[in-house]
Amino acid sequence: MELAEMLLKYEIGAPNTGSVSAVIVAAGSSSRMGGISKQMLCVGGIPVLARTLLAFENAKCIKNIVVVARECDILSFQMLAEKYMITKLTDITPGGSCREESVKNGILRLDNDTDCVLIHDGARPFITEKVIESVAEAVKKYGAAACAVAVKDTLKIVENGIIKETIDRSSAFAVQTPQGFDFAAFKEAITKSDDLSQYTDDCSVMEANGVKVHIVEGDYNNIKITTGEDITIAEGILGRGGAE
């Protein structure tokens, strides 16, 4: 516990000249990986979290990065950031009991004069600078934005194993991260909620408060590493040159 408290003030480098803060959520239990931290699994010889952090490190709009981690991972994440020279990392803080509790913990580590924040899954290592910049620009224009891709499969509503309804695919999108917001508005929304476990993503927090979230074009390669099979898929993406 003393180690975690010490690392709450952990800082590799001074904040950069960008205008957007990033919260990288990497505090999941990795239960579908057998408890092994998926953030530290390698894709193309580079740990998943390192790839994620490097993308935000290289994005010009990003001022600083806060990582939310399991307490048992804080030291290894610190060492990883040092190895890959993530100079924008200003904090590593413990996660909460659910995803949005973890997001809240990360949000509370940012300065109150922060203008806007992008929230991203640490297990999405193929996020590109282009998408990061697009979401950031949309947040500055609209106040709330997320990247998404059109759904390719036919979607059905199923009850008790029986198809009840076919959904119009033309209006269906798979929402990814980063999801970005005006900082003050998002902080107010997430801190006043009595039950953060009801939300499946960050957009849902704002939607519950009547905020319209705008969509920008995402990337089909921006997959989330969740199971062992996803590592194989990720290696395939690298193999066909779909990610650097």
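The values are calculated or read from the model by the stated rules, or taken from the named source; none is laboratory data. Note that the structure is a prediction, hence the values are computed from the model and not measured. Virtual Cβ from ideal backbone geometry, glycine too; neighbours counted across all protein chains shown. The protein model used for the area step is the full one, side chains on, heavy atoms only, and it has no ligands, DNA or RNA in it. Shrake-Rupley method; radii C 1.70, N 1.55, O 1.52, S 1.80 Å.
Remarks
- Each Cα pair under 8 Å and six or more residues apart adds its separation to the average, and for the stretch 116-244 the resulting relative contact order is 34 percent.
- Neighbourhood net charge (10 Å Cβ-Cβ; Lys/Arg +1, Asp/Glu -1) for A26: 0
- Beta bridges assigned by DSSP with both partners in the stretch 146-221 are antiparallel in approximately 75 percent of cases.
- Gaussian network model of the chain, springs between alpha carbon atoms under 10 Å - residue of A174, A144, A55 with greatest fluctuation: A174
- Excluding same-chain neighbours fewer than eight residues apart, the lysines reachable from K192 by a Cα-Cα span under 19 Å are K104, K212.
- Fully extended contour minus Cα-Cα distance, from D113 to S76, at 0.36 nm per residue: 10.3 nm
- Within a Gaussian network of the chain (alpha carbon springs, distance under 10 Å), most fluctuating of V211, V103, V117: V211
- Amide hydrogen proximity for C116: with H placed 1.01 Å from N in the peptide plane, the residues at 5 or more positions away or on another chain lying under 5 Å are S21, F183.
- Phi angles across the stretch 107-122 convert, under the Karplus curve 6.51 cos²θ - 1.76 cosθ + 1.60 with θ = phi - 60°, into 3J(HN,Hα) values of 4, 5, 8, 8, 5, 5, 8, 4, 7, 9, 9, 10, 10, 9, 6, x Hz, Gly and Pro given as x.
- For the chain, the per residue solvent-accessible surface stands at 49 Å², with DNA, RNA and ligands left out and a 1.4 Å probe.
- Fraction of beta bridges assigned by DSSP in the chain that are antiparallel (%, nearest 5): 45
- For the chain, built as a Gaussian network whose Cα springs stay under 10 Å, the top-fluctuating residue of A146, A26, A189: A189
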